[in-house]
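Student: I have a structure I would like to understand better, so I am pasting it below and will then ask my questions one at a time.
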Protein chains: 2
Amino acid sequence: MITQSSIDEFLERLASAQPTPGGGSAAAIMGAMGAALVCMVCNVSIGKKGCEAVEAGLQAVRARSETLRRRLGSMVAEDVAAFDGLMAAYKLPKATEEQKNQRAEAVQASLRRATEVPLDCARVCAEVIELARRAGELGYRGVISDAGVGALAAYAAARSAALNVYINAPALKDRQFAHASLAELEKLLVRCAVESEAAYTIVRNRLES
Amino acid sequence: MITQSSIDEFLERLASAQPTPGGGSAAAIMGAMGAALVCMVCNVSIGKKGCEAVEAGLQAVRARSETLRRRLGSMVAEDVAAFDGLMAAYKLPKATEEQKNQRAEAVQASLRRATEVPLDCARVCAEVIELARRAGELGYRGVISDAGVGALAAYAAARSAALNVYINAPALKDRQFAHASLAELEKLLVRCAVESEAAYTIVRNRLES
């Protein structure tokens, strides 16, 4: 059993007037929940009667989803650090020309980081969705709904991370980097939309068969 | 700051071969995260310069989202209890005619509960999405992306909860209750799809303005 208190504590911190943890952290956690559910589908299916022929596939999906779960789990702290870094940069003094320049540089470096972190979150979530689809295809029927939930969680996470890119990219002075980030993001989101619907459909069809 | 260890602990339990917590609990947590983010948008916006005219609206959204966050938080335990109850019912002895009847009754009562809990989760998530839309309209621009994340989280939660209804409803002998539940669910999901996209669009438009 999960301790109800640890969940409640996290939800209260999320709800508080403190800006962190916020949407970026919530995105990373949703992605990590998606990866964890894919992992669980594999863990339950491996060794089950009827799953022998696909065991190697399930082992591979489990190993990769476990790695991505840890990666997304650590992105919660990265998101908080990126946001706090940006807020700190905005608060730097701007009385002299030199201070103004230093502040502008710090703001740009922080904006870049605050764009890279959610973009990376979206990249990892795209891979989680593909693993969820695979788990939905291979997994034990009694537990594959959790692969569907995993795909939905990772897709919501990718779109949530995207919102954080949209906030920060416009203020970047390095327009080449900003455009490249937005272009990559759009491609990722299309792939995530298609793959998550495919995963959901596979799961629903197998549940109804 | 959230304690990284409490998140890691929860994610590990989710990933384990234990069937609970599973997708139903993940759905309730995603919904609760959505409500918490709506609450946070209100908490940050109330008292901010420029938000004076909409303060009463923000107060109302905050109060309701706080109630729904607590309701969804408690659904994690309800989901685990419903699932465990169903598993226990399936394991009841069926050696005699009387045992068979008792087991069938227990299974049906548990299936009903395992349908009601996720259906109720979807109902609450639909309301969270509407609050997220409202928070996206009224909230302080610097924090409204979190209202968008709240809508996405609650929508993923509603669709995830739906998967659990789809698993359990077909085995219900009370076909009237099963059909009524599925019909209500389909209406809820249509409303959730429309409202969550509306919330996302409002947030993106305000971010780009």
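The values are calculated or read from the model by the stated rules, or taken from the named source; none is laboratory data. On a predicted model such as this, the values are computed, not experimentally measured, just so you know. Cβ: placed from backbone, ideal geometry, glycine included. Neighbour counts: every protein chain shown. These area figures cover heavy atoms from the full protein model, side chains too; ligands, DNA and RNA do not enter into them. Shrake-Rupley method; radii C 1.70, N 1.55, O 1.52, S 1.80 Å.
Student: Return the only residue of B:Gly148, B:Gly142 being among the small types (Gly, Ala, Ser) and touching a Phe, Trp or Tyr at 6+ places or on another chain (Cβ under 7 Å).
Tutor: Result of the check over B:Gly148, B:Gly142: B:Gly148.
Student: When you go through (1) facing chain B (nearest Cβ under 8 Å); (2) more than 30 Å from A:Arg103 (Cβ to Cβ); (3) open to solvent by 10 Å² or more (accessible area, probe 1.4 Å) one by one for A:Ala77, which number turns out not to apply?
Tutor: Single failed check for A:Ala77: (2).
Student: Of the conditions (1) under 16 Å from B:Pro19 (Cβ atoms); (2) within 7 Å of chain B (Cβ to nearest Cβ), A:Ile7 satisfies every one except a single condition; which number is it?
Tutor: Answer for A:Ile7: the failing condition is (1).
Residue-wise test of (1) more than 10 Å from chain B (Cβ to nearest Cβ); (2) within 17 Å of the chain's Cα centre (by Cα).
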| site | (1), (2) |
| --- | --- |
| A:Ser145 | no, no |
| A:Ala151 | no, yes |
| A:Ala158 | no, yes |
| A:Gln176 | yes, no |
| A:Glu184 | yes, yes |
| A:Leu207 | no, no |
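Student: Report the residue count in the stretch A:156-186 for those that are in contact (Cβ under 8 Å) with a residue 60 or more places away in the chain and assigned to a helix (DSSP H, G or I).
Tutor: Initial filter on the stretch A:156-186 (in contact (Cβ under 8 Å) with a residue 60 or more places away in the chain): A:156-158, A:160-161, A:163-164, A:168, A:171-174, A:177-178, A:181, A:184-185.
Next, only the ones that are assigned to a helix (DSSP H, G or I) stay: A:156-158, A:160-161, A:163-164, A:168, A:171, A:177-178, A:181, A:184-185.
Matching residues across the stretch A:156-186 total 14.
Student: Report whether or not B:Glu12 is free of Cβ contacts under 8 Å to residues at least 24 places away in the same chain, more than 8 Å from every other protein chain (Cβ to nearest Cβ) and more than 18 Å from the chain's Cα centre (by Cα).
Tutor: Working: free of Cβ contacts under 8 Å to residues at least 24 places away in the same chain: yes; more than 8 Å from every other protein chain (Cβ to nearest Cβ): no; more than 18 Å from the chain's Cα centre (by Cα): yes.
It is false that B:Glu12 is free of Cβ contacts under 8 Å to residues at least 24 places away in the same chain, more than 8 Å from every other protein chain (Cβ to nearest Cβ) and more than 18 Å from the chain's Cα centre (by Cα).
Student: So the check is Cβ under 8 Å with 6+ separation or different chains; which pairs have a first residue in the stretch B:187-209 that's surrounded by fewer than 19 Cβ atoms within 10 Å (Cβ to Cβ) and a second one that's of a type in the set (Phe, Trp, Tyr)?
Tutor: Taking only residues 6 or more apart or on different chains, the pairs are B:Ala193/B:Tyr155; B:Arg204/A:Tyr166; B:Leu207/A:Tyr166; B:Glu208/A:Tyr166.
Student: If you check B:Val124, B:Val165, which single one turns out to be of a type in the set (Val, Ile, Thr) and more than 11 Å from chain A (Cβ to nearest Cβ)? Steps first, answer last, please.
Tutor: Values: B:Val165 fails: more than 11 Å from chain A (Cβ to nearest Cβ).
Answer to the selection: B:Val124.
Student: May I pose another question? Considering only the stretch A:82-103, state which residues are surrounded by fewer than 16 Cβ atoms within 10 Å (Cβ to Cβ) and touching a residue at least 24 places away in the same chain (Cβ under 8 Å). Quick ask: steps written out before the conclusion?
Tutor: Here is the first cut: in the stretch A:82-103, the ones surrounded by fewer than 16 Cβ atoms within 10 Å (Cβ to Cβ) are A:84, A:87-88, A:90-102.
Scanning the stretch A:82-103 gives A:Asp84, A:Met87.
Student: Still on this structure, please answer the following. If you go through the stretch B:164-186, how many residues are among the acidic types (Asp, Glu) and either within 19 Å of A:Tyr200 (Cα to Cα) or surrounded by 17 or more Cβ atoms within 10 Å (Cβ to Cβ) (or both)?
Tutor: Of the residues in the stretch B:164-186, 1 are among the acidic types (Asp, Glu) and either within 19 Å of A:Tyr200 (Cα to Cα) or surrounded by 17 or more Cβ atoms within 10 Å (Cβ to Cβ) (or both).
Student: Hey, could you check the stretch A:37-67 for residues that are of a type in the set (A, V, I, L, M) and in contact with a Gly (Cβ under 8 Å, 6 or more places away or on another chain) and say which is farthest from A:Ala109 (Cα to Cα)?
Tutor: Of everything passing the filter in the stretch A:37-67, A:Val44 is farthest from A:Ala109 (Cα to Cα).
Student: So, one more: Collect the residues in the stretch A:72-91 that are farther than 18 Å from A:Gln18 by Cβ and out of contact with any Cys (no Cβ under 9 Å at 6 or more places or on another chain), keeping them in residue-number order. If you could, list the steps in order and put the result at the bottom.
Tutor: In the first step, residues of the stretch A:72-91 are kept if they are farther than 18 Å from A:Gln18 by Cβ; the result is A:72-75, A:89.
If the condition is that a residue be farther than 18 Å from A:Gln18 by Cβ and out of contact with any Cys (no Cβ under 9 Å at 6 or more places or on another chain), then A:Gly73, A:Ser74, A:Ala89 are the ones that fit.
Student: Right, next: Output the residues belonging to the stretch A:111-150 that are modelled with pLDDT of 95 or more, of a type outside the set (A, V, I, L, M, F, W, C), in contact with a Leu (Cβ under 8 Å, 6 or more places away or on another chain) and open to solvent by 20 Å² or more (accessible area, probe 1.4 Å).
Tutor: A:Arg112, A:Arg113, A:Arg123, A:Glu127
Student: Residue by residue through the stretch A:16-57, note down the ones that are facing chain B (nearest Cβ under 9 Å), surrounded by fewer than 24 Cβ atoms within 10 Å (Cβ to Cβ), among the aliphatic types (A, V, I, L, M) and assigned to a helix (DSSP H, G or I).
Tutor: Matches in the stretch A:16-57: A:Val44 only.
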